[in-house]
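The values are calculated or read from the model by the stated rules, or taken from the named source; none is laboratory data. Just so we're clear, the structure is a prediction, and the values are computed from it rather than from any experiment. For neighbour counting, all protein chains shown are included, and Cβ atoms are generated from backbone atoms with ideal geometry for every residue, glycine included. Surface areas here come from the heavy atoms of the whole protein model, side chains and all, with no ligands, DNA or RNA. Shrake-Rupley method; radii C 1.70, N 1.55, O 1.52, S 1.80 Å.
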Amino acid sequence: MTIQWFPGHMTRAKRQIQEKLKLIDIAIELLDARIPLSSRNPMIDDILLQKPRMVLLNKADLADPAITKEWVQYFAEKGIDALPIDALTGFQMKEIPERAKLILKEKIDAQIRKGMKPRAIRALIVGIPNVGKSTLINRMAGRAVAATGDKPGVTKGQQWIKTGGSMELLDTPGILWPKFEDQQVGYRLAIIGSIKDQLLSVEDVAFYTIKYLLEIYPSELKERFDLESVPVYSPDMESDPIVDVMEQIGRRRGCLQSGGSVNLEKASMLILRDLRGGKLGRISLERPMLASTGK
Ligand code: G4P
């Protein structure tokens, strides 16, 4: 893989986030519930230092609920409170200020003991592109306030956004960069659309996707694309049967080029679009049990 992660970007992002740490009580790390580790910045502990923090597993509506439960357990074992949410519908979002209060309980209790009236908890959302930072901020604010997108040049004065439940958010999230030196991590990030489609060949990403679906979700794959049969997965399976599946899907969906052969690029885009849109059902692309082996 020719793509790299850019240390320059990360250093800048780290500095920007650390500037904001002085202003907040708690950092809210937003991860994608389908790939919690791959969507996590590996330097996050160095960036957030000792700041109290909470992990939100966003897009839980698209992830396999049984695997999301395992991830919650995984983070709990590391002493991190992780809450699955869905920022589009607001699922479980009322819990966010409640959890923050629990995490900051000692500090709040100390303020009360000193006769101080606890003020709203101040939080910063951090996460890699496309995990749903702006959606979450807008949802918590009840209106569109977040600086939209991660496009350079979209700058706005920073403001505190009031949310229900005695919490205030900085309107500009902290943007982290993913680390995608590891090929599997790169593919997972590409599948969910967190790194641009141009960085990896769409056919390669779809190939990886089909191989993974054959391993973990063969019936969902078969059903969605109305396939007569799917090959049995094995870790060292040849590439031909996987390309066959991609071609079958292309034929089913009319992704043909002149001469009648399958346009694999089109078929690949269709596979990824369906997966990203939840059309194959709730699919997790990473499991905690196998995280250490990278599978
Ligand atoms: P960012 O600020 O972290 O970069 O992410 P942003 O809020 O822009 O969200 C990225 C995409 O993810 C948006 O889709 C948004 O609607 C979607 N999204 C955010 N939260 C959730 C969620 O909980 N569930 C689901 N299903 N989708 C969510 P988009 O505008 O269509 O962008 P794109 O997918 O075309 O990139």
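What the table below lists for this structure:
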| quantity | calculated |
| --- | --- |
| Nearest-ten-degree value, helix 240-252 long axis tilted from longest Cα axis of the chain | 90 degrees |
| Trypsin sites (Lys or Arg not before Pro) restricted to the stretch 176-206 and DSSP loop, no more than 14 other C-beta within 10 Å | K196 |
| Angle in degrees between helix 65-77 and the longest Cα principal axis of the chain, rounded to the nearest 10 | 40 degrees |
| Residue-level accessible surface for S261, protein heavy atoms, 1.4 Å, Å² | 60 Å² |
| Surface per residue (accessible, 1.4 Å probe) for the stretch 190-273, Å² | 53 Å² |
| Surface accessible to a 1.4 Å probe, per residue, for the residues of the stretch 1-129, Å² | 50 Å² |
| Apportionment of accessible area to carbon and sulfur, the chain, percent (1.4 Å) | 51 percent |
| Helical mean residue ellipticity (222 nm; -39500 (n - 2.57) per DSSP H run of 4+; nearest 500) of the chain | -12000 deg cm²/dmol |
| Degrees between helix 183-192 axis and first principal axis of the chain (Cα, 0 to 90, nearest 10) | 80 degrees |
